[in-house]
Amino acid sequence: MDVGLAPSVQLKERHLRVRFGSDGAGPRWADYHYRWLRHFCPCCRHPLTGERTVCSSEIAADVKPLRAELDGGDLVLEWKEGGGSHPSRFPLEWLRDNAYAPDREEMSPPATRVEDVALAMADLGDGFAATSLERLARDGVVVLRGAGEDTERLIGGFESRGLAVIPTHFGRIEDLRTDNTTNENTDQLGYTDAAVELHTDQPYIETPPRYQMLHCMRRAERGGDSSVADGIHAARHLQSLDATAYELLTTVPVRFDRRQKAFRSLQIRPIVELRDGEPHQVRLSYFTYGPHRIAFDLLEAWYAAYARYVAILEEHAIRFSLNAGDALVYDNHRMLHARTPFEGARWVRGVYFDTPGA
């Protein structure tokens, strides 16, 4: 914090941040969970013995103050309790002395603006593939506006930069449309007009393709809007908030069990796979989970961790529409994608890419 700034307080989802200003020794700021603050309310002591009268087990896990403000050298909180409220007053010096997360650096959530990842094809010319790959390395996603109707031209551009088309059990190119007659194994949500929530593709095979391009040939009459979310960034953000939840999602394997009329594949992996201790690849596909076989004493905690991770993804997703001729390209090991339900003859072509031998 810069010298000269006055003390301040900021309410966050599950914790509060106090900035102590420029005076005094010790941390410049510190974070405090709401349950900790309610537990250590200075006034909740016996008037004769001074002993604490509140057990933390009595405090709701989702406790949060109604308001927080600074009054002189104190932090004042107001809690809703029963039919009324309960005030807590903490001297800032006491908070500084008892800080358990001093100067904590919090991983920021992912970006949520499509303007940050969209490029005009007219500005890129024949260099669109090189620029796209640079953006994929940086952001995990790029939206090419006005890419035209020639899917093979786009494929050729990426092939010229060292990528190869990866055919799947759907075929070389997927025609994602409700009246599909060109692909195999169309008994899956992508060929319907239903919503498809955030997911990664092909988590049920050993090595999912690294990249996917979704090339819009015809926009729906209503709906069919797209969204993407950065699963690696969201995992790091979750780690900064809840190390236990992060550990569960990176260590507990789940069953990705794809069962179609003419195709079956099973992989057992954690939601977030690590490499050298860092998030490396996300596998998440709610419509292809087999029955979880997680240890009884971990299952409820895993479900809570998974729900919190998905909430982060949904809150910080980038939402946008693809018009005819636009193309979405994303890193399938990092990004999740989704679409809303739609009406009308929507048509999107899907192509998977990877580096040869990957």
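Put simply, of L163, L124, L136, L119 the only residue that is without any contact (Cβ under 8 Å) to a residue 60 or more places away in the chain, more than 23 Å from W347 (Cβ to Cβ) and either assigned by TED's automatic domain parsing to the domain that holds G344 or of a type outside the set (D, E) (or both) is L124. Might you check whether a residue that is modelled with pLDDT under 95, among the β-branched types (V, I, T) and assigned by TED's automatic domain parsing to the domain that holds F263 occurs anywhere in the range 139-147? No, the range 139-147 has no match at all. T186 meets all of the listed conditions (1) outside any loop (DSSP other than H, G, I, E, B); (2) over 22 Å from the mean Cα position of the chain (by Cα) but one, namely (1). Filtered by the rule that a residue be within 20 Å of W347 (Cα to Cα) and hydroxyl-bearing (S, T, Y), the range 202-219 gives a lone residue, Y211. Scanning the range 135-153 for residues that are under 25 Å from H316 (Cβ atoms) and in a loop (DSSP other than H, G, I, E, B) yields one hit, G140.
The residues of the range 273-283 that are surrounded by 13 or more Cβ atoms within 10 Å (Cβ to Cβ) and over 14 Å from E206 (Cα atoms), listed by number, are L274, P279, H280. For the range 282-321, give me each residue that is touching a Leu at 6+ places or on another chain (Cβ under 8 Å) and acidic (D, E). Passing the criteria: only E314. Here E315 clears all of (1) under 25 Å from R135 (Cα atoms); (2) modelled with pLDDT of 95 or more; (3) of a type outside the set (A, V, I, L, M) except the condition numbered (2).
Would the range 43-60 turn up any residue that is of a type outside the set (A, V, I, L, M), touching a residue at least 40 places away in the same chain (Cβ under 8 Å) and closer than 14 Å to L11 by Cβ? No, every residue in the range 43-60 fails to be of a type outside the set (A, V, I, L, M), touching a residue at least 40 places away in the same chain (Cβ under 8 Å) and closer than 14 Å to L11 by Cβ. Residues of the range 189-203 that are in a loop (DSSP other than H, G, I, E, B), out of contact with any Gly (no Cβ under 9 Å at 6 or more places or on another chain) and not aliphatic (A, V, I, L, M): T192, Q202, P203. Residues considered: D297, D354, D331. Of these, the only one that is surrounded by 15 or more Cβ atoms within 10 Å (Cβ to Cβ) and either touching a Gly at 6+ places or on another chain (Cβ under 9 Å) or more than 30 Å from D139 (Cβ to Cβ) (or both) is D331.
Condition check ((1) buried (at least 22 other Cβ atoms within 10 Å of the Cβ); (2) touching a residue at least 60 places away in the same chain (Cβ under 8 Å); (3) part of a strand (DSSP E or B)) across all residues:
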{"residue": "A311", "(1), (2), (3)": "no, no, no"}
{"residue": "N323", "(1), (2), (3)": "no, yes, no"}
{"residue": "A345", "(1), (2), (3)": "no, yes, no"}
{"residue": "R349", "(1), (2), (3)": "no, yes, yes"}
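More than 25 Å from A6 (Cα to Cα) and in a loop (DSSP other than H, G, I, E, B): is that true of G156 in this structure? When the stated conditions are applied, G156 does not pass them. Inspection of the range 243-255 identifies no residue that is modelled with pLDDT under 95, aromatic (F, W, Y) and out of contact with any Gly (no Cβ under 9 Å at 6 or more places or on another chain).
Evaluate the range 159-171: report whether one residue or more is over 21 Å from A229 (Cα atoms), at pLDDT 95 or above, of a type in the set (F, W, Y) and not in a strand (DSSP E or B). Checked against the condition, which is being over 21 Å from A229 (Cα atoms), at pLDDT 95 or above, of a type in the set (F, W, Y) and not in a strand (DSSP E or B), the range 159-171 yields no hits at all. The criterion of at least 2 residues that are free of Cβ contacts under 8 Å to residues at least 60 places away in the same chain and among the aliphatic types (A, V, I, L, M) is met, among strands (runs of 3 or more DSSP E) falling completely within the range 210-302, by 272-275.
The values are calculated or read from the model by the stated rules, or taken from the named source; none is laboratory data. Keep in mind it's a predicted model, so treat the numbers as computed, not measured. A quick note on method: Cβ atoms are made from the backbone with ideal geometry, for glycine too, and the neighbour counts reach across all protein chains shown.
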